[in-house]
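Enquirer: Take a look at the following structure, please.
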There are 2 protein chains.
Amino acid sequence: MKLGQATIKDIAKELNVSTSTVSRALKDYPGISDETKRKVKELADKLNYRPNAVALSLRKSKSFTIGVIIPEVVHFFFSTVISGVEEVAFANGYNVILCQTNEKFNREKSSVETMLSNQIDGVLVSFSRETTNFDHFKKMIELEFPIVFFDRIPDLENTINVTVNDYQGAYKAVKHLIDQGFKRIVHLSGPDNLTISKQRKEGYLDALKDSGIKVKPEWIVECPYGTEKESILITIELFKNKENRPDAIFAHHDIVAAGAMMALKALNLRIPEDVGVVGFSNWQFSSMIDPPLSTVAQPGFQIGETATKILLDLINKKTNMDSSPLNIVLDTELLIRKSSVKV
Amino acid sequence: MKLGQATIKDIAKELNVSTSTVSRALKDYPGISDETKRKVKELADKLNYRPNAVALSLRKSKSFTIGVIIPEVVHFFFSTVISGVEEVAFANGYNVILCQTNEKFNREKSSVETMLSNQIDGVLVSFSRETTNFDHFKKMIELEFPIVFFDRIPDLENTINVTVNDYQGAYKAVKHLIDQGFKRIVHLSGPDNLTISKQRKEGYLDALKDSGIKVKPEWIVECPYGTEKESILITIELFKNKENRPDAIFAHHDIVAAGAMMALKALNLRIPEDVGVVGFSNWQFSSMIDPPLSTVAQPGFQIGETATKILLDLINKKTNMDSSPLNIVLDTELLIRKSSVKV
DNA sequence: TTGTAAGCGTTATCAG
DNA sequence: CTGATAACGCTTACAA
């Protein structure tokens, strides 16, 4: 209206036919004379007719829109995921509506409400760091609302999850450090309530155990915020004592690793000669820092693609939610760069 | 329905009142008995009633949704902008629908169509690298559809734009290099059809001119793709000849700068002793590389915020499109780090 | 204080 | 081959 947007009614009036005829003509329904079809389509073209998606949604109880709830867009990993989501959604004629929670529980809850209100067809979720109560998601699941979790997955029954093999990634990373001759490997870990953090820690622990290395409790330090600054402070603290210093760091993601590297440089420790470093996630910058950072690459784009494909299948009933509590686990890849290779 | 979602009708039937009464009760309209209000609200609560946003959109011809069209989510700058957009939109009860064009013109055109079909209330656009024809946007503007361009702005009449002062940023950066004693400053420039690229180039040229430095044509090299690899190759080529080598690089963004730094290191040139480097955009990694990269910071988040505020004003008729062809230009900030400071 | 009915744009159903 | 009508969920004159 505001747009002078032509509707099916306008076309009908102009051509002296009924709206149903127009509707059918536009969709090439059988049983409409070619003549009428032609006229309708011509006029539609001329008037720049565009079907009103909102009316369609209402009519069909289907919006061709999926929602994505993530902690933060600016995290490289998440933006990669979104990119994958967008691709698949777009290819299938779906729109993507975005809500970032900024790692806030309340924001997450209200995002869920918004999404439901907006009649979206399904939702992809990676929940916030603060989230320990999953009732808002449970409600959706009970309503059989299509939902797929990725990366950060909840401790709930009957969910469909797409993750990477964090355990395996961490294991490979630490094993690699051990193979390089590092022995006192510390772990800068993530927030404890996230499965991914736990998995990475497990991988770290098992790799050490399998190599007969006994872990000291002080080797595991949580970096809940995952910022560069936090990591610098923690690293400096870790290396304060000159005796029995750690000789390698496995960080739960690259920003933390980069922070650690900055701290090490400030302490005049050489990487990797004195201290080896491996990160997680293969952030954009990781190959560009000095020395280039070894890291565990997560296929973010692929996570987005996969999760979206599954969600669309769910929406279109090709998959059934309860019939198949699904757990897709994608492989990680250890990218060995200079920061962890003894010469 | 599928969700067992309760509607106003359900409530009405259950309480033996009309739907209008329910509607009014829920919105605290005057002239509804407290008793009824209470009952309605109670039941609504119990049934987990949630207004159907789609029906509302249809009724009011307003969707409380804005669209964002950008080249790529994974670019740090754009994800920062989105973050700002999301904040303001969320705070005002608006949803954000996202389309990335992947720098493809066709994709951009179809995104515009989708958005219009979906009755979004307004749109924020940063167009693709490929876009030289602006008819699809022109159409929107002629229809008085609320649209705000940011960062990459078109050559059209009567548009509202939010940009950063690219010219000024570039000028400051190059002036700084000159002040540090660099004299043969090359510019790795962006794609020529983008205003931002032109502006940055102008800033570069003027800074040199104002300092009485004559620019050699071979000092300006276009890096249209802006990838690290492209930049490495170009830099190596630029420094091939040992005589009269450049002594500083001003790159049109940080990835390009980082690529150049990698090339310089490979050539055993020291940064900043032999070659000074300044980038653009202040990517996340820029402070973490070695040496930390001087760069021109663009307030991405603020761009997103500002553009969205203006868009919402437009939508709500607080601002008028043609009455005020607006050009908001935000300031950049030169962040001086080690890569450009002679000791 | 409450109800009736029309309408937002579209399509499915039934009837001609 | 085409038309009338109802319905999706909600709001809002207008009536009562």
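Enquirer: Among helices (runs of 4 or more DSSP H) lying entirely in segment A:1-112, which contain 1 or more residues that are in contact with a Lys or Arg (Cβ under 9 Å, 6 or more places away or on another chain) and under 30 Å from A:Arg152 (Cα atoms)? Lay out the reasoning, then the answer.
Expert: Working: elements: A:8-15, A:19-26, A:34-47, A:53-60, A:76-91.
Correct list: A:76-91.
Enquirer: Would you confirm whether any residue within segment B:319-331 is part of a helix (DSSP H, G or I) and at pLDDT 90 or above?
Expert: no
Enquirer: Next question, about the same structure. Could you list all residues from segment A:77-95 that are facing chain B (nearest Cβ under 8 Å) and crowded, with 23+ Cβ neighbours inside 10 Å?
Expert: A:Ser79, A:Thr80, A:Ile82, A:Glu86, A:Asn95
Enquirer: Same structure, new question: Take segment B:16-34 and flag every residue that is under 12 Å from B:Tyr49 (Cβ atoms) and either more than 14 Å from chain A (Cβ to nearest Cβ) or away from DNA strand D (no atom under 11 Å from the Cβ) (or both).
Expert: Once the filter is applied, which keeps residues that are under 12 Å from B:Tyr49 (Cβ atoms) and either more than 14 Å from chain A (Cβ to nearest Cβ) or away from DNA strand D (no atom under 11 Å from the Cβ) (or both), segment B:16-34 yields B:Val22, B:Ser23, B:Ala25.
Enquirer: Then there is this: Out of the residues in segment B:285-300 that are within 17 Å of A:Pro291 (Cα to Cα) and outside any loop (DSSP other than H, G, I, E, B), state the one that is modelled with the lowest pLDDT.
Expert: Step one: filter segment B:285-300 for residues within 17 Å of A:Pro291 (Cα to Cα), giving B:285-293.
In the following step, the residues that additionally are outside any loop (DSSP other than H, G, I, E, B) were identified as B:285-287.
Working: B:Phe285: 84, B:Ser286: 90, B:Ser287: 88.
Applying the filter and picking the extreme gives B:Phe285.
Enquirer: Could you list, in sequence order, all residues of segment A:14-42 that are aromatic (Phe, Trp, Tyr) and in contact (Cβ under 8 Å) with a residue 24 or more places away in the chain?
Expert: Matches in segment A:14-42: none.
Enquirer: Further, regarding this structure: Given the structure, is A:Glu305 surrounded by fewer than 19 Cβ atoms within 10 Å (Cβ to Cβ) and not small (Gly, Ala, Ser)?
Expert: Here the answer is no, as A:Glu305 does not meet what is asked.
Enquirer: Do we have any residue at all in segment A:250-263 that's part of a helix (DSSP H, G or I), of a type in the set (Asp, Glu) and within 19 Å of B:Phe285 (Cα to Cα)? Talk me through it step by step, then tell me what you get.
Expert: Residues of segment A:250-263 that are part of a helix (DSSP H, G or I), as a first pass: A:254-263.
From what is left, the residues that are of a type in the set (Asp, Glu) are A:254.
So of that shortlist, the ones also within 19 Å of B:Phe285 (Cα to Cα) come out as A:254.
Taking every residue of segment A:250-263 in turn, at least one turns out to be part of a helix (DSSP H, G or I), of a type in the set (Asp, Glu) and within 19 Å of B:Phe285 (Cα to Cα).
Enquirer: Inspect all residues belonging to segment A:241-258 and state whether any of them is surrounded by fewer than 20 Cβ atoms within 10 Å (Cβ to Cβ), modelled with pLDDT of 90 or more and over 19 Å from A:Ile213 (Cα atoms).
Expert: No, the conditions are met nowhere in segment A:241-258.
Enquirer: Still on this structure, I have one more. For segment A:39-71, name all the residues that are within 13 Å of chain B (Cβ to nearest Cβ), charged (D, E, K, R) and surrounded by 15 or more Cβ atoms within 10 Å (Cβ to Cβ).
Expert: If the condition is that a residue be within 13 Å of chain B (Cβ to nearest Cβ), charged (D, E, K, R) and surrounded by 15 or more Cβ atoms within 10 Å (Cβ to Cβ), then A:Arg50, A:Lys62 are the ones that fit.
Enquirer: Could you say which residue among A:Asp274, A:Asp254 is charged (D, E, K, R) and either closer than 18 Å to A:Leu334 by Cα or under 28 Å from the mean Cα position of the chain (by Cα) (or both)?
Expert: After ruling out the rest, the residue left standing is A:Asp254.
Enquirer: In addition: Go through (1) touching a residue at least 12 places away in the same chain (Cβ under 8 Å); (2) assigned to a loop (DSSP other than H, G, I, E, B) and name the single condition A:Gly279 misses.
Expert: (2)
Enquirer: Hey, any hits in segment B:117-130 for a residue that's of a type in the set (A, V, I, L, M, F, W, C), within 9 Å of chain A (Cβ to nearest Cβ) and outside any loop (DSSP other than H, G, I, E, B)?
Expert: The answer is no; no qualifying residue exists.
Enquirer: Here's a follow-up. Identify the residue in segment A:161-213 that is in contact with a helix residue (DSSP H, G or I) (Cβ under 7 Å, 6 or more places away or on another chain) and of a type in the set (Lys, Arg) and, among all such residues, is surrounded by the most Cβ atoms within 10 Å (Cβ to Cβ).
Expert: A:Arg200
Enquirer: Return the only residue of A:Lys37, A:Lys46, A:Lys60 being near DNA strand D (Cβ under 10 Å from one of its atoms), within 26 Å of B:Asp121 (Cα to Cα) and out of contact with any strand residue (DSSP E or B) (no Cβ under 6 Å at 6 or more places or on another chain).
Expert: Only one candidate qualifies: A:Lys60.
The values are calculated or read from the model by the stated rules, or taken from the named source; none is laboratory data. Since this is a predicted model, take the numbers as computed values, not measurements. Heads up, the Cβs are rebuilt from the backbone with ideal geometry, glycines too, and the neighbour counts pull from every protein chain shown.
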